[in-house]
Amino acid sequence: MASCSQDYSFGPHLIRRTEVFAETPLSFAFVNLKPVVPGHVLVSSKRVEPRFTNLSGSEVADLWKLAQDVGRAVEKHFGATSLTLAIQDGQHAGQSVPHVHVHILPRRRGDFEKNDDVYDAIDGASKQLTRSGGAAAATGEKLDLDAQRRIRTPDEMAAEAAELSVLFQ
Ligand code: AMP
């Protein structure tokens, strides 16, 4: 069971408490419907605010502290050696969910043929999201992203959140 006590809004979406694995006074961390690499998770402000640039100083500090803690935990848990942390702040920067969130991706040597392809993957995956459909694999990546990028079931997401929540108790 994930340790979180309540559901949260993520833009127009409902994030069930079972999908949340860590929270702070102003932020929460949850598993991704469609991760582009194993352990690709999200950290969001509790307040539904589309733009990072509109968060208060306290919200920014709280968000990035949780992102740091989550990054450290998922890097170790997924046996990775590096991290990508990214925010698409606004529609024309690729944001598809209008609610501030930090993407946190455990990284390892050679996981993408070109290192910066990770940004195309983050951008492309969210644009192809539907609850019922799948995604085409991006070209040129070494991981089996066809398999990794499919939309996950609530049970799969809850299982991963439960696994990660143990790291934050
Ligand atoms: P962006 O395009 O930067 O706004 O990223 C949106 C992210 O939210 C993508 O990584 C999606 O896979 C993820 N996402 C969208 N809907 C949900 C949801 N209901 N639960 C969890 N993750 C989601």
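The values are calculated or read from the model by the stated rules, or taken from the named source; none is laboratory data. Keep in mind that this is a model prediction, so the values were computed, not measured. Backbone-built Cβ (ideal geometry, glycine too); neighbour counts: all protein chains shown.
Applying the condition of being closer than 16 Å to Ala162 by Cβ and outside any strand (DSSP E or B) to the stretch 8-28 and asking which residue is nearest to the chain's Cα centre (by Cα) yields Glu19.
Consider Phe21 carefully, then state whether it is in contact with a Phe, Trp or Tyr (Cβ under 7 Å, 6 or more places away or on another chain) and hydrophobic (A, V, I, L, M, F, W, C). Yes; evaluated as a whole, the condition is true for this residue.
Screening Ala2 on (1) within 20 Å of Met157 (Cα to Cα); (2) crowded, with 23+ Cβ neighbours inside 10 Å; (3) at pLDDT 95 or above shows it passes everything except condition (3). If you go through the stretch 89-108, how many residues are within 9 Å of the ligand (Cβ to nearest atom) and within 12 Å of the chain's Cα centre (by Cα)? Total meeting the criteria: 3.
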